[in-house]
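For reference, the structure discussed in these notes is given below.
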Amino acid sequence: MKTLTIGTKAELARHQGPIEKLFIDCFGSRMSLELWQWAYLANPNGEPWVSLCYDDDALVGHYAIIPLPLASAEGRLNTYLSMTTMVAASHRQHGLFVKLAENTYEHAAQAGVDFVMGFPNAMSAPGFKKRLFWDLPPSDYVASMSKAQLLAAARDWPLLDAAQCRLDLRDEALRAWRLSRPGARYTWDDGLVYKEFGDTIDLLAFERVEQLNALPEGRPVNLLLPASLDGLLHFKTFDYPFGGRSIASTFAPEKIMRQMALSDVF
């Protein structure tokens, strides 16, 4: 078997066909080529890091991170999002997932990546924690509530923390890319971002509590919350694990603002 780690969009594009086939083998459906190109090739924030494993001509393993920079009052961080982890059924249970991830992290460290973060599903989260040594705090969750309930929650609970790192959608290039995600239509209103999701509203990001007044009326609002906001658990619809791993800088989940702008990428 042959493994390689790719750090440029041009080189990654040459592996599109095998990646598409492995996606079908792993998930039973075709991947959205438009979404893949948006996340990996059209991303203006930097180059992706992708480790691949070939068995002869067949791609059997894939681990990838894409640039998704966070920012705080102290400046911009070179942070990456882990996504699209795949190992062919014929090659599982042999440590390939760990090998590809560690190859990726090694190259990311040399490139000065601060940390890697992500939202592993409930089945893969234990592997990220045990084998990749990710810091996975108690699971985040998605809550759904009426606009009135959200406004009340915002008065009673710290839904925002100015000291935390977040996706800086005031950056025009970042915002233009993030809000052009295929398959979704976003509304941007001076720092407030949301999209329609069926009969509900997904709240992607907001900067000030008063911005929530601009959300549409009469539809439930979905938002991502950390486990520390346990007083709102009665609004929970499902768990949504979040975690990460330190690379060049320390990953501290409590210092990261969890909003759907981070998770609504896949």
Subject >> Label-point gap, in nm, between HIS94 and LEU41 - each point 7 angstrom along Cα→Cβ >> reply: 3.0
Original post:
Gain in length, THR237 to ARG219, computed as 0.36 nm per residue apart minus the alpha-carbon separation, to one decimal in nm?
Top reply: 4.9 nm
Original post:
What spacing in nm lies between the two simple spin-label points modelled at ASP156 and GLU196, each 7 Å away from Cα in the Cβ direction?
Top reply: 3.1
**OP:** Considering only VAL209, VAL113, VAL221, give the residue with the highest GNM mean-square fluctuation for the chain, with springs between Cα atoms whenever their separation is below 10 Å.
**Re:** VAL209
Subject >> Selection of trypsin sites (Lys or Arg not before Pro), segment 129-173, meeting DSSP coil and at most 13 other Cβ within 10 Å >> reply: ARG170
Original post:
Long-range amide H contacts for ILE247: which residues qualify at under 5 Å (H placed 1.01 Å from N, peptide plane, sequence gap of 5 or more or a different chain)?
Top reply: PHE115, VAL116
Subject >> FRET efficiency estimate (nearest 0.05) - Cβ-Cβ, LYS130 to TYR54, R0 25 angstrom >> reply: 0.40
**OP:** Work through the residues other than LYS2 whose Cβ is under 13 Å from its Cβ and net out their charges, Lys, Arg +1 and Asp, Glu -1.
**Re:** -2
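For segment 1-127, which whole-number percentage of the solvent-accessible area (1.4 Å probe, protein heavy atoms only) is attributable to carbon and sulfur atoms? Intermediate values should be presented prior to the final figure.
Numbers: 3000 of 5780 Å².
That fraction is 52 percent.
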**OP:** Provide, for the chain, the number of lysine pairs with alpha carbons under 23 Å apart, each pair being eight or more places apart or on different chains.
**Re:** 13
Subject >> Options GLY75, ALA108, GLY218, ranked by Cα towards positive dipole end of the chain, top entry (Cβ charges) >> reply: ALA108
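The values are calculated or read from the model by the stated rules, or taken from the named source; none is laboratory data. A quick note: this is a predicted structure, and the numbers were derived from the prediction, not measured. As a convention, Cβ positions derive from the backbone with ideal geometry for all residues, glycine included, and neighbour counts pool all protein chains shown. Only protein heavy atoms, including side chains, enter the accessible area calculation; ligands, DNA and RNA are left aside. Shrake-Rupley method; radii C 1.70, N 1.55, O 1.52, S 1.80 Å.
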